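What follows is a short report on a single structure.
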Amino acid sequence: MREKKRIIGVGFISIGILFLLVSFFKLFPLSVPFSSPSISDKTGNPQISVFVEKDQLPPFESIFSYVSPYEKKEQKAGEYVLITTGDVLPARTVNSMMVKRNDFTFPFEKTSSFLKSADITFINLETPLLSSCQPTDEGMIFCGSAKAVEGLTFSGVDVVNLANNHSGNYGYEGGIETQKYLTENGMHVVGVGNEATLEVRGKSFGFLGFNDIGHEEKGISWAENTSVEEQIQKLRKKVEFVIVAFHFGPEYTVEPSSRQVELAHLAIDSGADLIIGNHPHWVQGVEVYKEKFISYAHGNFIFDQMWSKETREGVIGRYTFGKSGLKNIEFFPIIIENYSQPRFAERDEAEKILGKMKESSKDL
């Protein structure tokens, strides 16, 4: 009986302690600094982080919202802006028009101010630039005048990817000549068996480029899986942000192939922060994979493919990094005119392009 009383007494004491604890936490609730929900789950499930200082991607839906390219955007302290475009081809009809006009900035006239607004502007140059290039409006062996570099400097281009299926159209020597003109004009070159690193206000950015179209060529970085993995891992140790450009995928389709997805995922698994895709000549969808962003194809930018609506369309991507990662993504649709010159799409045109981009992202 004495033992039973002892148990009952202990029970009353435990209840009393529990009551006091509940009362205390009602008066003094614990505060946990959760950040607001962020992305990136396309199922609509918010992802919560307890680290408020970690930069987070924006809501997925907002990526496809129209933003005026003429609206001046204030860049906050601790933000770093990267701008990328679709394929740049100052060759064939584009080259002929520039030579005829004796104006090598003409293709960039309507977009150069926007491109120059970034901390880093990154393009895919899909042709060698040669002093001996003869103007022609035909063919699939490309070259552009060496003077085409004037358009790139006019637009503030900082980094040029040469890993594509046309950089080698004039052999290894043509590639070396192209690199010479670019580097002499202050641009960094990637995709030729090398990396590029840039520092912006104390933040370090690293760039790589790989070609997965056609066949392996001397002097051009080939997208062999092991090589991709090793080069990214090596660069990851040197910089805070790694950006990888791939020239990949079948042409004239909005849907990325399984090979595109494989390479993009491999790059992120190896340490990349952002994947920039080109080659299909149509705008393709985007994907968030392990909280990293993939843009599979930006479409065309400087190109002479006027024969279809889709090949005249492209997007300029504006990627804003914070102190710890990518925090904002905006796409600015363009439409090519005069076989050479992109202009920013009007709002109704832009919303249609962004709508198609959103639709093609649903299954990624």
### Message
Suppose the filter is among the β-branched types (Val, Ile, Thr), in contact with a helix residue (DSSP H, G or I) (Cβ under 6 Å, 6 or more places away or on another chain) and closer than 21 Å to Val157 by Cα; does Ile294 pass it?
### Response
no
### Message
Just checking, does region 108-115 include any residue being crowded, with 22+ Cβ neighbours inside 10 Å, in a strand (DSSP E or B) and in contact (Cβ under 8 Å) with a residue 40 or more places away in the chain?
### Response
no
### Message
Return the residues of region 153-200 that are among the β-branched types (Val, Ile, Thr) and within 24 Å of the chain's Cα centre (by Cα); say none if nothing qualifies.
### Response
Thr153, Val157, Val159, Val160, Thr178, Thr183, Val189, Val190, Val192, Thr197, Val200
#### Entry: Restricting region 316-327 to residues that are in contact with a Ser or Thr (Cβ under 6 Å, 6 or more places away or on another chain) and either among the aliphatic types (A, V, I, L, M) or under 23 Å from Ala148 (Cα atoms) (or both), the residue that is surrounded by the most Cβ atoms within 10 Å (Cβ to Cβ)
Ile316
### Message
Looking for something at pLDDT 90 or above and in contact with a His (Cβ under 9 Å, 6 or more places away or on another chain) - is there at least one such residue anywhere in region 51-59?
### Response
no
### Message
Given (1) closer than 20 Å to Thr84 by Cα; (2) in contact (Cβ under 8 Å) with a residue 24 or more places away in the chain; (3) surrounded by fewer than 24 Cβ atoms within 10 Å (Cβ to Cβ), identify the lone condition not met by Ser270.
### Response
(1)
### Summary
Of the residues in region 207-231 that are out of contact with any strand residue (DSSP E or B) (no Cβ under 7 Å at 6 or more places or on another chain) and of a type in the set (Ser, Thr, Tyr), the one that is surrounded by the most Cβ atoms within 10 Å (Cβ to Cβ) is Ser227
### Task
Please state which of the following conditions Ser204 fails to meet, knowing it meets all the rest: (1) buried (at least 20 other Cβ atoms within 10 Å of the Cβ); (2) touching an Asp or Glu at 6+ places or on another chain (Cβ under 9 Å); (3) not in a helix (DSSP H, G or I).
(1)
### Message
I need the full set of residues from region 232-245 which are in contact with an Asp or Glu (Cβ under 7 Å, 6 or more places away or on another chain) and more than 20 Å from Thr320 (Cα to Cα), in order please.
### Response
Leu235
### Query
Which is at pLDDT below 95, more than 20 Å from Val157 (Cβ to Cβ), hydroxyl-bearing (Ser, Thr, Tyr) and out of contact with any helix residue (DSSP H, G or I) (no Cβ under 7 Å at 6 or more places or on another chain), of Ser62, Ser68?
Ser62
## Note on the structure
Expected output for region 331-353 (first residue over 22 Å from Gly144 (Cα atoms) and touching a residue at least 12 places away in the same chain (Cβ under 8 Å), partner of a type in the set (Gly, Ala, Ser) and assigned to a strand (DSSP E or B), Cβ below 6 Å, 6+ apart or cross-chain) is Phe331/Gly317; Ile334/Gly314
### Task
Please verify whether region 275-287 includes one or more residues that are closer than 20 Å to Leu198 by Cα and either among the hydrophobic types (A, V, I, L, M, F, W, C) or modelled with pLDDT of 95 or more (or both).
yes
### Task
Return the residue satisfying two criteria in turn: it lies in region 130-161 and is in contact with a strand residue (DSSP E or B) (Cβ under 6 Å, 6 or more places away or on another chain) and part of a loop (DSSP other than H, G, I, E, B), and of such residues it is farthest from Asn194 (Cα to Cα).
Cys133
### Query
Within the group Thr127, Thr121, which residue is touching a Leu at 6+ places or on another chain (Cβ under 8 Å), touching a residue at least 40 places away in the same chain (Cβ under 8 Å) and buried (at least 19 other Cβ atoms within 10 Å of the Cβ)?
Thr127
### Query
Applying the selection to region 223-249, what residues are out of contact with any helix residue (DSSP H, G or I) (no Cβ under 9 Å at 6 or more places or on another chain) and either among the aromatic types (Phe, Trp, Tyr) or outside any helix (DSSP H, G or I) (or both)?
Glu224, Lys237, Lys238, Val239, Glu240, Phe241, Ile243, Ala245, His247
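Listed here are the residues, each with its yes/no results for (1) modelled with pLDDT under 95; (2) surrounded by fewer than 17 Cβ atoms within 10 Å (Cβ to Cβ); (3) not in a strand (DSSP E or B).
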| position | (1), (2), (3) |
| --- | --- |
| Phe293 | no, no, no |
| Asn300 | no, no, no |
| Gln305 | no, no, yes |
| Gly314 | no, no, no |
| Ile329 | no, no, no |
| Ile334 | no, no, no |
| Asp348 | no, yes, yes |
| Lys362 | yes, yes, yes |
### Task
For Glu195, indicate whether it is among the charged types (D, E, K, R), in contact with a strand residue (DSSP E or B) (Cβ under 6 Å, 6 or more places away or on another chain), crowded, with 19+ Cβ neighbours inside 10 Å and within 27 Å of Leu129 (Cβ to Cβ).
yes
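The values are calculated or read from the model by the stated rules, or taken from the named source; none is laboratory data. Keep in mind that what you see is a predicted model, and the values were worked out from it rather than measured. Heads up, the Cβs are rebuilt from the backbone with ideal geometry, glycines too, and the neighbour counts pull from every protein chain shown.
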